[in-house]
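What follows is a single structure, written as structure tokens, with notes after it.
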Amino acid sequence: MSRVAIIDYGMGNLYSVAKAFEALHAEVVVTDDPEQIRTADRVVLPGVGAFGEGMKNLAARGLTKVLENEILCHGKPFLGICLGMQLLAREGFEHGHHEGLGWLKASVRPLDLGQSRLRKIQIGWNDVAHRPGSALFAGLQGTPSFYFVHGYHLVTDEPGSVTGVSHYGSRFVAAIQQGNIFGVQFHPEKSQESGLAILKNFLRWRPDLPSDPVMGDLPNVPETSVKARLIPTLLLEGSRLVKTVQFGLRRDVGDPVKAPMVYDAQMADELVYLDITATIEDRGVDRLEEAVRRVTGECFMPLTAGGGIRSVEDIRQLLTAGADKVSINSAAVERPALIGEAARLFGRQCLMVSIDVRTNHRRREVFTHGGRRSTGLDPVEWAKQAAAAGAGEILLTSIDREGTFRGYDIGLTKAVTEAVDIPVVASGGAGKLRDLVDAVVAGGASAVAAASLFHFRDHSPIKAKAFMKRTGIHTR
Amino acid sequence: MSDTTGSPPTAPRRCARCLLLETHDTLVFDEAGVCNVCRNIEHKQQKIDWQAREQELHTLLDSYRGKYAYDCLVPFSGGKDSTFTLYALVKSYGLKPLVVCFDHGFMRPVVLANTERTVRQLGVDFLKFRADWKVVKKVMLESLKRKGDFCWHCHTGIFAFPMQMAIKFDVPLVIWGQPSTEYNAFFRADEPEMVDEKRFNRYVNLGITAEDMVGMVGDGIELRDLEPFRYPSKEALRALGYRSICLGTYIPWDVKEQTRIIEKELDWRGDLVEGVPEAYSYEKIECAMQGVRDYLRFIKRGMGRTNHLATIDIRDGRLTREQGLRMMEEHDGKRPASLDVFLRFMGLTEAEFNAIAMQHVVDPHRHDPSRVQRGPELPDQHLWKLE
């Protein structure tokens, strides 16, 4: 059995990476102890967050040296995930210029969107074309989809080391291998079956075996076909999940862990998990953290957590528990500076600003505290302000439509998607399959959130995505 | 900002080959307008090396034979598929199975007689289980309201309870009949289908686990009351070292041929089913409420049981598309006489039933209640005892 050391340098997704390896029966230690790293068979550097902050943390914990020694000198198998791969570059340009570990002749730069009108941050599933014979992709057919969350990408001077490419406005590096050093831009721990296959291949790869078969040429990757995401929303209240109508009336809709497992099996693209009473009860994120931790142990798919977040410490707590993104709402309105602070620490890609909109005196207005508190803010203006402050994504919920089956507020969705250049998730009102299509096509939404549709109709994400596909929308 | 009312629905498409309607589960069409279920079947008929598969099966069975009290567990309903599966495993492969029947409570007289005849003739240990009837009634109503499908107790019980028994009796090998890829495209046909918790959650349990249901139904129901419907824990299954497979993964499934075999060898008998031509008397004969179930599907998705049966025969080259369409026209969409029995049992009026069903109509299908005619009563309906 392989003993895997997952490097703890205070940069998110440790727990989810650990759980994914555990599901593959690996022995896992999450650590920043040089001795543990020395005795492990394999080393994984995960990472969610900003480049500069990541390098600072590695250095502060004195990890740079032991990693160089174990990986570069002793040739231990190494896997860098997302930021964990980017840090191997010589330099990065996120929030200013920063030096990287310099193991790869590469730099980390903003995604090159080319002439496309794509959102600046790629959040979602994308196809990866991989080089035949590359160890990490063994057994994966065609161009499998993986989950990406990033605004920056690796630009390498050594094209021969690239084993997987994807396309977002232009071609970008999705996976590399240089000897014992593997790196992936996507999140295998959150890419369901294909992601677990990658991790399994990494566990199987052995430096002492005869070298890999000669790798073939990189196949062409199709031009970006950005996939619309379908996101079930889960609302936690106490020890159960509920579904509300216009943020009021509640019905029990399931168990906090079993229901996400069902969505995972039904090929949902992502989950949004919200503790809907935390802010009102002013009790922080402990209960949410507990739920996130349990869900992360069972579901290897992307998860956004929200409800009750007040500080960067709350955010850190949730990311550490396995959330890929956090959703902030009331606290962002009360103190918009929180958005910028969090973006600098964790990277904007993991920061979803949730905007709840209710009609008040015949105009749409932003409400906070579970729809109870009027703010006087205009939703479009607030969305623009949040995006400018560093939000990576907007979750846009119409309280008027929520739980009513009347369809999304397309006018609102369209106004916001046109005003910001980050992805917008439409939410509130999906009552039939056609509504999902309308939010994407007419509303311009990058993703659609739904709950009643799955709880009170004979639909599931896998069926709904087949419908979307039939109308010509790209889905996974 | 303006508001829009959304785009208008378009008429549902049918597969250019088999007549499946796009409202069916996870259907998508390729450039030729052919559906993914047809492509699955094509794969089965052309790409699979069945000799190699059967060899695999022999190897697999050898690794379990004689090592436990039972060589395998066979979940059993008395219908054609599980009867053939049991027959083949005992007669062709020489296994000693534990046969487990989850009784959903609506077994019809002919199926009950089939079951008795089969298990006595084959000489097998047979275990039958029925859940608390009052609990069943409550969860039926809840799942009807939430999903427009009253069969939650049956879907979950059939797939969860035998797994519980596998653990209880220490039988790691569980063998089911046909893979789901014969009828839908929830899974890829080029990978062997594992009958596991993921499959259970993906499409068997209507998206509702027992842990979910307990809070939904309320009404004094505790989680232990729903135990028969609960999938066993990962830990327990891992400790058992279970393997849960479909016989149809290893031998090509041919319903008509298999029915002929069990009729001849076991004196298995078919029965009339509501909304289905008499020639298909082998299909879905187990449940008294099959007619109501199919009627619900017709309201929701525009597809009846005859449509489903026609698709299979068209793919197998036993029926033309035109014949299929004519057959559907004649038999599908009738209001079954058994709905009276169902409504009395559930304590619902027909108006309430219709209102629930109409909530669950699936885009882009639209149901027109004014065109519905009443179907004839089955000869055994007066024998059904539900209370």
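Rule-based calculations on the coordinates, nothing more; no lab input. Only a predicted model underlies this, so the values are computations on that prediction, with no experimental measurement involved. A quick note on method: Cβ atoms are made from the backbone with ideal geometry, for glycine too, and the neighbour counts reach across all protein chains shown.
Treating each Cα of segment B:206-282 as one equal point scatterer and applying the Debye formula with no solvent, the log10 of I(q)/I(0) at q = 0.17, 0.18, 0.22 Å⁻¹ comes out as -0.89, -0.88, -0.95. For the protein assembly as shown, the antiparallel share of DSSP beta bridges with both residues in that region comes to about 40%.
Of B:P109, B:A236, B:V217, which is farthest towards the positive pole of segment B:50-249's charge dipole, taken about the Cα centre with +1 and -1 on the beta-carbons of Lys, Arg and Asp, Glu respectively? Positive-most Cα among the choices belongs to B:P109. With K and R counted +1 and D and E -1, the other residues having a Cβ less than 13 Å from that of B:F126 yield a net charge of +1.
Note on chain B: GNM, Cα springs under 10 Å; of B:F229, B:F161, B:F126, the largest mean-square fluctuation is that of B:F126.
Seen against the Cα atoms of chain A and their longest principal axis, helix A:14-23 is set at about 70 degrees. Calculated translational diffusion coefficient of the protein assembly as shown (4 °C, 1.567 mPa s; Stokes-Einstein with Kirkwood radius over alpha-carbon pairs) equals 45 µm²/s.
With 29 Å as the cut-off, how large is the P(r) tail for segment A:3-204, expressed as percent of Cα-Cα pairs? Spell out each step's value before the answer.
Working: 3069 of 20301 pairs.
Counting every Cα pair in segment A:3-204, those more than 29 Å apart make up 15 percent.
Compute the Kirkwood hydrodynamic radius of chain A, taking the inverse of the mean of 1/r over all pairs of distinct Cα atoms, and give it in Å to one decimal. Could you put the intermediate results ahead of the total?
Numbers: mean 1/r = 0.0448 Å⁻¹.
Value: 22.3 Å, from the Cα pair sum.
Rounded to the nearest 20 debye, the dipole magnitude of segment A:12-115 is 160 debye, with +1 charges on Lys and Arg beta carbons, -1 on Asp and Glu beta carbons, and the Cα centre as origin.
Shielding of peptide B:355-364 by partners, expressed as the average count of other chain Cβ atoms within 10 Å per residue Cβ, is 4. Quick one: net charge around A:F146, please, counting Lys, Arg +1 and Asp, Glu -1 for every other residue with C-beta under 12 Å from its C-beta. Overall, the nearby charge balance is -1. Computed from label points 7 Å out along Cα-Cβ, the spacing between B:E31 and A:S239 is 5.7 nm. Every pair of different Cα atoms in segment B:1-158 enters the Kirkwood calculation, which places the hydrodynamic radius at 19.9 Å. Using just its DSSP H runs of length 4 or more, each adding -39500 (n - 2.57), chain A gives a mean residue ellipticity at 222 nm of -8000 deg cm²/dmol after division by all residues.
Place a point 7 Å from the Cα of A:N69 along the Cα-to-Cβ direction; which residues of segment A:1-40 have their backbone N under 13 Å from it? Those under the cut-off are A:33-40.
Free of any trypsin sites (Lys or Arg not before Pro) that DSSP assigns to a loop and that have at most 13 other C-beta atoms within 10 Å, the longest stretch within chain B is B:189-317. Applying 1/(1 + (r/R0)^6) with r as the Cβ-Cβ distance of B:K91 and A:E313 and R0 = 45 angstrom yields a FRET efficiency of 0.10. Over segment B:50-249, the pair-distance histogram of Cα-Cα distances with 5 Å bins from zero comes to 1, 7, 16, 19, 20, 17, 12, 5, 3, 1, 0 percent, rounded to whole numbers.
Listing A:D269, A:D400 from the residue with the fewest other Cβ atoms within 10 Å to the one with the most, what is the order? Walk me through the numbers on the way to the answer.
Working: A:D269 24, A:D400 18.
By the 10 Å Cβ count, ascending, the order reads A:D400, A:D269.
With r as the distance between the Cβ atoms of A:L209 and B:E42 and R0 = 22 Å, compute the FRET efficiency 1/(1 + (r/R0)^6) and round to 0.05. Please list the in-between numbers first.
Details: r = 39 Å, r/R0 = 1.78.
After rounding, the FRET efficiency stands at 0.05.
A simple spin-label model places pseudo-atoms 7 Å from Cα toward Cβ; at A:V441 and A:R90 they are separated by 4.9 nm. Positive-end ranking of A:A387, A:I422, A:L412 along the dipole of segment A:386-429, with charges on Cβ about the Cα centre, is headed by A:L412. With coordinates expressed along the principal axes, the C-alpha atoms belonging to chain B extend over 67, 54, 53 Å, beginning with the largest.
Computed from point charges on the beta carbon alone (+1 for Lys and Arg, -1 for Asp and Glu), the dipole magnitude for the protein assembly as shown about its Cα centre is near 980 Debye.
Per residue, chain B reaches -12500 deg cm²/dmol at 222 nm when only DSSP H runs of four or more residues are counted, each adding -39500 (n - 2.57). Local charge for B:G270 was computed over the other residues whose Cβ lies under 10 Å away, with Lys and Arg +1 and Asp and Glu -1, and equals -2.
Give the relative contact order (percent, whole number) for chain A; include only Cα pairs under 8 Å separated by 6+ residues.
Details: 1139 pairs, mean separation 62.0, N = 476.
Reported relative contact order: 13 percent.
Taking the C-alpha atoms only, the angle from helix A:286-298 to the longest principal axis of chain A is near 50 degrees.
For segment A:229-470, the normalised intensity computed at q = 0.15 Å⁻¹ comes to -0.97 (log10 of I(q)/I(0), Debye sum over alpha carbons, equal scatterers, no solvent).
For chain A, the longest principal axis of the Cα atoms and the long axis of helix A:192-204 meet at an angle of about 20 degrees.
Projected onto its three principal axes, the C-alpha set of segment B:332-387 covers 39, 23, 16 Å, listed from the longest axis down. Fully extending the segment from B:E350 to B:L386 would add 11.1 nm, taking 0.36 nm per residue of separation and subtracting the current Cα-Cα distance. Think of segment B:273-383 as a dipole: +1 on every Lys or Arg Cβ, -1 on every Asp or Glu Cβ, centred on the Cα centre; then among B:P379, B:Q359, B:S338, B:Q359 lies furthest on the positive end. The orientation-averaged projected area of the convex hull spanned by the Cα atoms of segment B:146-301 comes to 11.3 nm².
Calculate, in nm to one decimal, what B:K256 and B:T59 gain on full extension: separation in residues at 0.36 nm each, minus their alpha carbon distance. Please list the in-between numbers first.
Details: separation 197, 0.36 × 197 = 70.92 nm, distance 2.75 nm.
Between B:K256 and B:T59, full extension yields an extra 68.2 nm.
For the segment B:25-31, counting C-beta atoms of other chains within 10 Å of every residue's C-beta and taking the mean gives 4. Projecting label points 7 angstrom from Cα along Cα→Cβ for B:D316 and A:H97 puts them 7.3 nm apart.
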